[in-house]
Every structure is written in C-alpha cells, then in structure tokens.
C-alpha cells in the first residue's frame, strides 16, 4: 500500500486539532484547561526540537556552503542577488497590501459601538501593552543599532540565544576564512561541518515523524484561545483584506517559479507544503527554518551552498507577509480612528518604513505587531491612540500571523530557487528518508 505523504498527514492532524479545539471550547473552562495542560505541551516540545537544531543547521550548512564555493567573488554575487530579490518582493508585498486596503476600505464602515467594545476588551490587554513596550525600546535604540546587533561580542552567547543575524555573520566569517587558508589545513574543519550538516538534516527527518501529532496539539491550543467569536466576525472585512493580499502574494511567487525557474507551480506547492503547514501551525519562520531547508535542498533541488545562505538570511530579513500585513493594518487603523492621516505622503512613508521594519522584524510569533507600532509612529500617528489602534486588530492577530508566516516561508523558498537558478545551482531533487541507513545499523 502506498505510504501517505507527509503533507497529508499534517493536514489531517491540523483538521483534527481544529475540531478537537472547538469541542473543548464547547465544554467550557474545563475543556480549555485540559488542552492547555495535557495537549499543548506536545506542540511546545516539537517547536523546541526545531529551534534546537536551527542554529547548528545554519552554522554547519552556511560554513560548508561558503567553503564549497571556492571563490570569494561568488559570495558577493549570491549575496547581492539575494538581497535585491528580497527587497523587490517586499516592496511588491507592501504595494499589494496598500492597494487592497485603499480599494476595499474595511475600516470605513465600523460603528462606534464596535470600536468601544474592542477598546474595552483589548486596550489594557497584557499582549497589547507588551507590544507597545517592545516597540518603545526599539525606538529608543540608536539609528545604527540594527547594524551593531549583527556583530557578536561572544559567539557562544549568540548561539545560545539564537541571534540569527549574528550566527549568520559568524558562519560567513568562518567560511570566508576557510577559503583564505591552504586547502589542506581547511579540509578537516570543512569535513566536520559537512558531517554535522548531515547529522542535523537527519534530525529534521526524525523530528518530522512527530509533526502530524504536534500540529494537532498546536492547532487545538490556538482554537481554545478564541473565546470571543463576535469580535472576530466584526473584524472579518479587515482579516479578509489581509488574507486576500497574502493569497495574491502566493500567486506572485508561483508566477516567478513558472517564468524564471521553469518549474511547475503545483509541483513547487506540493514539495514545500510541509514547511508551509508547519509555518501556519507555529507562526514562526525561525522554528520552521530546519524543515524549510530540508524541503528546499532535498525536494526542490537547491544546492546547499545556496539554501544555507539564502534561507537563514530570509528567515531574518525577508518578511513579505509581515510587510503586507503592516501596510493593511496601518491604513485600516487610520480609516477607523484617524482618517485625517490618510494622505498620499503618509502612505509613501508607510512603504519605506514597512520595508525597513521588515528587515529588523524577528522571526517569531506576533513580531509584526511590534513593527506596526514603529510604522504608525513614523507617520505621526497620535501616541494616545496607539493602544486603541493595536486593540482594534489584536483579536485577529494570531490567525493572521499564522497566514503571513506561510507567505514568509514560501517567499524564502521561492527566492532560494531563483538565486540557485541564476547561479546554475538548481539540480534534480534527491529526497532522503529517516531510515535510509537503518538496515545497515539495526
């Protein structure tokens, strides 16, 4: 009998998790407590395992990939292409978002009663105040703090705290230095990182055996968090604009895959779908990164030296879905409570700020809302209205965060294929299974 494909197993786990979450919600507080205490921890364990291997995978694959290039000029070429494509797709995402929200105007018809209800429920919510505090701390930093943060003072601290840009910088530094020393002396270290990369990729295969069950737990936990469906329904127009924009962005990626890489869009979606489904479940492109790398290398046919550079950089600086969301959310909030701020100049500022903010946006759940505060402050949004503005969209932020993370991960995979194609580093996929060597050692 043909084995059920991984993406179907994950989809089944996701659907069952949603149904189970609704069932527990219908029971009441006891049902939600059961999910929190006995189901959700399995999802947390799964995310922890993915985060556990993300840093060693980036370190090993990037150092090995750079050293395999044999030519420092290729690093400059690959880096420049990667950044330019990422900036281009992010700009398109922001423009798509602003176009949709200006045409549909989801905030124009919201009643004052609805605004007051949302304000009372969420304005003083711990989540809203936390996002405001984080945004304030980021604004208080100097203009070059983002540049300073790239360079680690202690690599072990950077590795332990999973500071991705610092880990990427260190890996690039080591890889370049390996090219600059005699091959005979570099070979032992290159072999070590090559072996480490193989081990970590095998870890990904083993962890993914648990994915359908983990997704069940994650989705059940997400569903029990939505206890106010009335407000969710009232925000449906805004949420619909974001989802429409994200769907158009996915369509744009598929056009790029078809036109530039000459690959089938349906084949691309099938092969990357496990990473997309995990991105949806975890709301974290960083946690999904090991799976994205495994799918891109083994199932899409991108060489390790390309995926090892493009994907870790993308997980940190490429936030197309988040940027699109920021554009829509900023204009929606202005349509509701600050319509006088809806000028053409302000929308140009939103494009520029959202682009820059996406580069510094952390690859973790709800980081986009922190960046949204910075975007709003850049256009002179009244400070006293910021808590109300965040409260307006807070109720639907988590499900939209799940959707925009799918776009972020899909964008990373698309760009990695485009860069690989431009460098002639796109080959026939060679998928590996967790038990490839099992017969030899059992």
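Read-outs: derived from the displayed coordinates by stated rules, not from any lab. Here the structure is a predicted model, which is why all the values come from computation and not from measurement. Reconstructed Cβ throughout: ideal geometry from the backbone, glycine too, with neighbour counts over all protein chains shown.
Computed over the chain with a Gaussian network model linking Cα atoms closer than 10 Å, the most mobile of 96, 150, 351 is 150.
When both region 279-332 and region 70-99 are represented by their alpha-carbon centers, they are found 13 Å apart.
The label point for residue 348 and the one for residue 210, both projected 7 Å from the Cα toward the Cβ, are 5.2 nm apart. Principal-axis analysis of the Cα atoms of the chain puts helix 126-140 at an angle of about 70° to the longest axis.
Sum -39500 (n - 2.57) across every DSSP H segment of at least 4 residues in the chain, then divide by the residue count to get the 222 nm mean residue ellipticity, nearest 500.
Numbers: 22 runs with 347 residues, N = 442.
My calculation for the chain gives -26000 deg cm²/dmol from helical runs alone.
Exposure proxy ranking for 320, 424, based on other Cβ atoms within 10 angstrom of each Cβ and starting from the fewest, stands as 424, 320. Relative to the current alpha-carbon distance between residue 11 and residue 150, full extension at 0.36 nm per residue lengthens the span by 46.3 nm. Sorting 325, 122 by the number of Cβ atoms found within 10 Å of their own Cβ, with the fewest placed first, yields 122, 325. The residues 222, 174, 101, 148, when put in order of fewest to most other Cβ atoms within 10 Å, stand as 148, 174, 222, 101.
Highest mobility in the GNM of the chain, judged by mean-square fluctuation with C-alpha springs under 10 Å and restricted to 380, 240, 31, is found for 380.
When the square roots of the Cα gyration tensor eigenvalues are ordered a ≥ b ≥ c, the ratio a/c for region 12-149 is 1.5 or more and a/b does not exceed b/c, which makes its shape oblate. Only Cα pairs within less than 10 Å get springs; with that Gaussian network setup on the chain, which residue of 24, 293, 402 has the largest fluctuation? Ranking 24, 293, 402 by mean-square fluctuation puts 24 first.
Tell me the Kirkwood radius of region 207-328: reciprocal of the mean inverse pair distance over distinct alpha-carbon atoms, in Å.
Values: mean 1/r = 0.0614 Å⁻¹.
Kirkwood radius, region 207-328: 16.3 Å.
If you take the alpha carbon atoms of the chain and fit the smallest convex hull around them, that volume is 161 Å³ per residue.
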